[in-house]
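What follows is a set of notes on a single structure, which appears directly below.
Derivation of every value follows stated rules applied to the coordinates shown; laboratory data play no part. Being a predicted model, the structure only gives us computed values, none of them experimental. Backbone-built Cβ (ideal geometry, glycine too); neighbour counts: all protein chains shown.
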Amino acid sequence: MRQIWPGQAEQVYRVCFPSRVRPCHSRRVRASGERDAAIPAALLAWYDLHARKLPWRAPPGLPPPDPYSVWLSEIMLQQTTTAAVAPYFAAFTARWPTVETLAAADEAEVMAAWAGLGYYARARNLIACARAVAAGGGHFPRMLEGLRALPGLGAYTAAAVAAIAFGERAAVVDANVERVVTRLDAIAVPLPLARKTLPARVLAMTPEVRPGDFAQAMMDLGAAVCTVRRPRCLACPLAAFCAGFREGDSERYPVKPPKPDKPARTGHAYWIARGDQALLVTRPGTGLLGGMRALPDDGWNARTDGALPPPLPGPWRIGGTIQHSFTHFSLSLHLAVYSGSDWASVAALPGAWWPFGQIESAGLPTLFLKAARLGMAQGETE
DNA sequence: TACCCGTGGAG
DNA sequence: TCTCCAAGGGT
């Protein structure tokens, strides 16, 4: 591990910020600038040795992957772990290798391919973004403003694509970077407020050389060293610059407000099977699990919290219960299994019949996949 | 601003 | 088992 000491800072500053005028008007400003310059040098040296190998990433110092791969991976990685993303990234790039092929894809197929990854608005925005880019000639905007205007790209993702795919100097601030910087600066202000100052702080540290590697190095550091619990400060290349470490309790940053507890909801999903087929529907295009295939249900998501589901409207029995936890509420979903034989009325229901053998790959979100597996385990009905 | 929006792994 | 939370964005 390469260590940077104060005497090296001036040289490091020239390496990382070749075109910037060296701040020397006051000792305090110069000290701050030297620290901000030493940080990327130490971090990049660490990254050269410890970078994670990821399918959507170029090794340290090498040219980046194509912008399509960078964009696709960044969308998938929003609030999602690298382990969860890897198989989806492989499947998407194999099936839709360019932004033009994705733009031309059938929407239902893209939604089905996204099933299980969560936050399905990302998939809807993914299609809209691909079509916007393809309509403009197939090239992603290079600069921050153009990227930020695309559907599904907020401040973080626009900056990440600009830095990683195009080598633009941009403030890439995700939860990892928030954690690293609030610890480096020992920011005791709670995050919702402190968040406003972080982009400027991160931009001040971001080097003109290798800004994409710098961003990915910050995230790798947050994932492997500057972790939420029990950070490995003794192995950290930035410990010498870290006010949180100097205080002896970097773990207390970032300061976050308490979270409201999750309410509980209850509802039914309907398992209507005849022979070896079951009825599936497509949910409305917006809202929870919007646009995804699903089992019919009794509208549990629209009911106010605590309300009980309406009585079952016919010959049903309860085939089991699925416990599922969403971001902001937990759900007890009872599986109501149709036990009647009024197949004329059943045939009039909206939806489509799916053979059991195709339900696993029908593109059901996890909640409904669990419910469908429970249904198929009931045995065939007739 | 505050809330809505999935899922699975780590501890 | 249960809590926390991840390469956030939209409204």
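Listing for the model above:
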read-out	value
Charged-residue dipole, Cβ positions (Lys, Arg, Asp, Glu), the stretch A:213-362 about Cα centre, Debye nearest 20	300
Around A:Leu369: net Lys/Arg minus Asp/Glu count, Cβ-Cβ under 13 Å	+2
Per-residue Cβ neighbour rank within 10 angstrom, fewest leading, A:Ser345, A:Ser250	A:Ser345, A:Ser250
FRET efficiency, 1/(1 + (r/R0)^6) with R0 35 Å, evaluated for A:His50 and A:Ala377 via beta carbons	0.15
Dipole magnitude of chain A, debye to nearest 20 (Cβ charges: Lys/Arg +1, Asp/Glu -1, about Cα centre)	1500
Debye log10 I(q)/I(0) for the stretch A:264-376, one point scatterer per Cα, at q = 0.10, 0.16, 0.18 Å⁻¹	-0.27, -0.71, -0.92
FRET efficiency, 1/(1 + (r/R0)^6) with R0 30 Å, evaluated for A:Ala83 and A:Glu247 via beta carbons	0.35
Percent of Cα-Cα distances greater than 31 Å, calculated over chain A	49
Tally of Lys pairs whose C-alpha atoms are under 30 Å apart, taken over chain A, 8 or more apart or cross-chain	5
Projected label distance in nm at A:Asp342 and A:Asn125, using a 7 Å step from Cα toward the beta-carbon	4.4
Antiparallel content of DSSP bridges confined to chain A, in %, to 5	70
Relative contact order (%) - criterion: Cα under 8 Å, at least six apart; region: chain A	15
